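Below: one structure, written as structure tokens.
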Amino acid sequence: MKVNHRLLRGATLTATGASAARRRLPKLNLRLKLGITILTVFVLASFILPFFTSVDPSRQGTYLKNLPISGRHLLGTNSQGQSIFWFLVFAIRNSLMLGVVVSLCITAIATLVGLSAGYIGGWYERVAMLIIDSFITIPVLPILIVLGALVRGNSSFMLVGVILVAFGWAWGARTVRSMALSLREREFINMARFSGASTFAIITREIFPYVYSYMVVGFINTILFAINTEAALAVIGLSKVEVPTLGSIIFWALSYNALFIGQITWLVAPIVATVLLFLGLFLTSTGYNDAFATRRGVA
Amino acid sequence: MIRLNNVVGTYTTQRGTVNAVEDVSLEIPRGITLGIAGESGCGKSTLMKVLYGDLGFPLALSSGSVDYGFRDEHGQAVTSQNIQKEWFKRISYIPQSSMSSLNPVVRIRDQFVDFPSTSKNKAQVLELVRSYVQKLGLPPESIDAYAHQLSGGMRQRIMVAMATFFRPEIILADEPTTALDVVVQKGILLLLMEVQQEMKNTIVLVSHDMGVHYQITHKMLIMYAAKAVEYADTDAVFGQPLHPYTLMLTNSLPTIGDDRARQGLPGHPPSLWNPPQGCRFAPRCPLATDRCRVHEPPLVEHQPGHFSACHYAENVPELKASLDQAPKLSDIVENAPMFSDIVGSALKVDEVAQ
């Protein structure tokens, strides 16, 4: 018994030692490193640079129209007399803020509804699923176009966010619910209940750690969804186009025929920025998945 | 003392209701280890659930009561109605599958302090947990690990540690050593016995392994088709059983040096949907008469502390003697020369081993 015991002790020492080391130094893979770098540059640039200008980038006629790229106007000016560079900086900031806020709301709602529906079950689950499934089956873009047409020009930036949340939470909720559904039948959930844990404690302390890494990835993907959908709406003129966002730049560039009047940067700059931002988010999400979610054997 | 009064555990299903535990009355003295044995579907686990107070749909305690023999903090007697508040404080449960009873994505220590903590100071509690775990034969740093980093035996030790941390009066263990190898089994059982010696708690143990029962239980309850058929000291259950089912059950166990031919028990346990009138064991019982098929025998005390539900309990020792007369393998071998070489050499090896 004693020898055995010492062997066991040695085995755990190495096991916990390894896990402690892993916790101290999470192994960042190339994708995660690249993604985080891109995101950091975008976030820092778009949130710090606005402090260095006193000009409202969306005001028309601040500068001369259609100036070429120069030291004073890094990306030139557009046909409305705005600095493309500053417009872009504010656009990235607004798009990111919208994406993060919308994604936070969507992830919170999806997790709350999904976990409770999956774990509590019964009639509550049936009602929740009815609502979730309805929202999943409603095609988002046509509805948004109709809504946009109704409030054309008068929609506030806030309203766009609310609409995105309303149509974005259902998929996540359904996925989380199916995870909770399978977890509910696991023995350790039973054990937690047997130890006197309340339903709330079981959801937050037993099930949540299990779905947490999925949710981080979901959160990043939802930022993508929010930015993407807002841009799509803006391009066809259904968002609040006066507010600089990645989509609204493209809207204005298209409506002033930027491509034909030689204002290439007006159109190309926001497209490159959008693609880079998406790349950063995508690399972070897949990289995170690789680095952390599989760490404890949870795919 | 835990007192069960005519406990009936009923499952509600789409086909109707079925009594998985029927009319069980028991008195379990404080500080003993009670073993519950019987075949699959006889109601062992349901009785455990009822005892633990895990009474949620589809299981219900449709009649009878359980009195745990202690009072809660408001001075009220604890029964099935309010035992849930005492879970893991005064009554705890050691599960069957230690492999899956720990959350794989949460460190052991965080699962430990998940339990209703009596102190706000987490570091202090963790220190207590560490020293307690060490006392149970685990390295203290094992609580920093995830479940998959521990072996099966260590995980079961962790479960024992969690279940006994608050020094509960009652510990229910539902097949605590299934899926563990014999060496680890022994370790866990010894650990349970040590814990009991120190804390004087009552342990109720369900197991299919009669050897486990023989080694560690003080009293045994034998169940058959949702009924308690025999309740006695473990030595009496193995030595002088007073119910034919118990006899057949213990008689099926092989022992070293005993080469009597063994007879299986023909038939199957009855369906609980439609249990037979009279004694439920009658269709398979060698002692059964018409009386058994009509009148159900109650669980009565035939000898001091020895309860049996059989009309012919006094005839069981006779039956046992006749089973002991069963032909021996060595006799059969002499009459069948074809196999004598093989079996004979096997017997010789056996002699050498002895």
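The values are calculated or read from the model by the stated rules, or taken from the named source; none is laboratory data. Owing to the predicted nature of the structure, the values given are computational and were not obtained by experimental measurement. Cβ sites come from the backbone with ideal geometry, for glycine too, and all protein chains shown count toward neighbours.
Taking B:Pro95, is it within 14 Å of another protein chain (Cβ to nearest Cβ), surrounded by 15 or more Cβ atoms within 10 Å (Cβ to Cβ) and either within 28 Å of B:Ile216 (Cα to Cα) or small (Gly, Ala, Ser) (or both)? In short, yes.
Being crowded, with 17+ Cβ neighbours inside 10 Å and over 16 Å from B:Lys227 (Cβ atoms) is the filter here; which residues of the range B:264-274 pass it? Selection gives B:Leu265 alone. Scanning the range A:211-247 for residues that are farther than 15 Å from A:Met158 by Cα and of a type in the set (A, V, I, L, M) yields A:Val211, A:Met215, A:Val216, A:Val217, A:Ile220, A:Ile223, A:Leu224, A:Ala232, A:Val235, A:Ile236, A:Leu246.
Each row is one residue, and each column tells you yes or no for (1) hydrophobic (A, V, I, L, M, F, W, C); (2) at pLDDT below 85; (3) touching a His at 6+ places or on another chain (Cβ under 6 Å).
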| residue | (1), (2), (3) |
| --- | --- |
| A:Arg24 | no, yes, no |
| A:Arg31 | no, no, no |
| A:Ile48 | yes, no, no |
| A:Val55 | yes, yes, no |
| A:Arg59 | no, yes, no |
| A:Lys65 | no, yes, no |
| A:Arg72 | no, yes, no |
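Taking A:Ile109, is it part of a helix (DSSP H, G or I), touching a residue at least 24 places away in the same chain (Cβ under 8 Å) and under 20 Å from A:Asn228 (Cβ atoms)? Yes.
With respect to being in contact with a helix residue (DSSP H, G or I) (Cβ under 9 Å, 6 or more places away or on another chain) and either outside the structural domain of B:Glu169 (by TED's automatic domain parsing) or closer than 29 Å to A:Ser182 by Cβ (or both), B:Ser92 fits the description.
When only residues in the range B:240-263 that are over 14 Å from B:Leu323 (Cβ atoms) and surrounded by fewer than 17 Cβ atoms within 10 Å (Cβ to Cβ) count, which is farthest from the chain's Cα centre (by Cα)? Once the filter is applied, the top-ranked residue is B:Gly257. Quick check on B:Pro104: is it within 11 Å of chain A (Cβ to nearest Cβ) and in contact with a Lys or Arg (Cβ under 6 Å, 6 or more places away or on another chain)? Judged against the criteria, B:Pro104 is not a match. The listed residues are A:Phe251, A:Phe278, A:Phe260, A:Phe292, and the only one of them that is of a type outside the set (S, T, N, Q), away from chain B (no Cβ under 14 Å) and farther than 24 Å from A:Met97 by Cα turns out to be A:Phe260.
Please verify whether the range B:6-25 includes one or more residues that are of a type in the set (D, E, K, R) and closer than 15 Å to B:Val204 by Cα. Within the range B:6-25, not a single residue is of a type in the set (D, E, K, R) and closer than 15 Å to B:Val204 by Cα.
Using the structure shown, decide if A:Phe282 is free of Cβ contacts under 8 Å to residues at least 40 places away in the same chain and either hydrophobic (A, V, I, L, M, F, W, C) or out of contact with any Lys or Arg (no Cβ under 9 Å at 6 or more places or on another chain) (or both). Answer is no for this residue.
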